[in-house]
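Below is one structure, written out as structure tokens; comments come after it.
The values are calculated or read from the model by the stated rules, or taken from the named source; none is laboratory data. Remember, predicted model here, so these are calculated numbers, not experimental data. Here Cβ is always computed from backbone atoms with ideal geometry, including for glycine, and neighbour counts include all displayed protein chains.
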Amino acid sequence: MENDHLDGRKRKNIQIGDVVEIVQKQHQRTGELTEGIVKRILTKAANHPHGIKVMLELGEVGRVKNIIPEED
């Protein structure tokens with residue numbers, strides 16, 4: 001069972017500065033993941049079945065598939 005706070009389909013789980021893995025639109029077929037740091041959260045809804053859409057610091061836009069837990 002995946003930790004609920006690492007669920008990329010819930011907006012409340014994603015903060016600016018989080019390290020996440022996203023699928024960009026052009027990679028939806030392959031499922032290729034891009035890792036980066038959240039710069040902006042683009043989805044306004046609280047939940048999205050395909051993942052919350054974000055912009056990473058390098059400008060990539062995609063839907064969050066994984067939230068990388070911070071190392072203590």
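Things to note:
- Restricting attention to the range 8-30, the residues being part of a loop (DSSP other than H, G, I, E, B) and without any contact (Cβ under 8 Å) to a residue 24 or more places away in the chain number 5.
- From H50, H5, residue being in a loop (DSSP other than H, G, I, E, B) and surrounded by fewer than 16 Cβ atoms within 10 Å (Cβ to Cβ): H50
- The number of residues in the range 62-72 being within 14 Å of G8 (Cα to Cα) and either among the acidic types (D, E) or assigned to a strand (DSSP E or B) (or both) comes to 6.
- Of the residues in the range 6-25, at least one is aliphatic (A, V, I, L, M) and at pLDDT below 95.
- Failed item in (1) touching a His at 6+ places or on another chain (Cβ under 8 Å); (2) at pLDDT below 95, with M1 passing the rest: (1)
- Residue list for the range 26-44, restricted to those being over 21 Å from E71 (Cα atoms) and surrounded by 10 or more Cβ atoms within 10 Å (Cβ to Cβ): H27, Q28, E32, R40, I41, L42, T43
- Test: E70 is in contact (Cβ under 8 Å) with a residue 24 or more places away in the chain and out of contact with any helix residue (DSSP H, G or I) (no Cβ under 6 Å at 6 or more places or on another chain): yes
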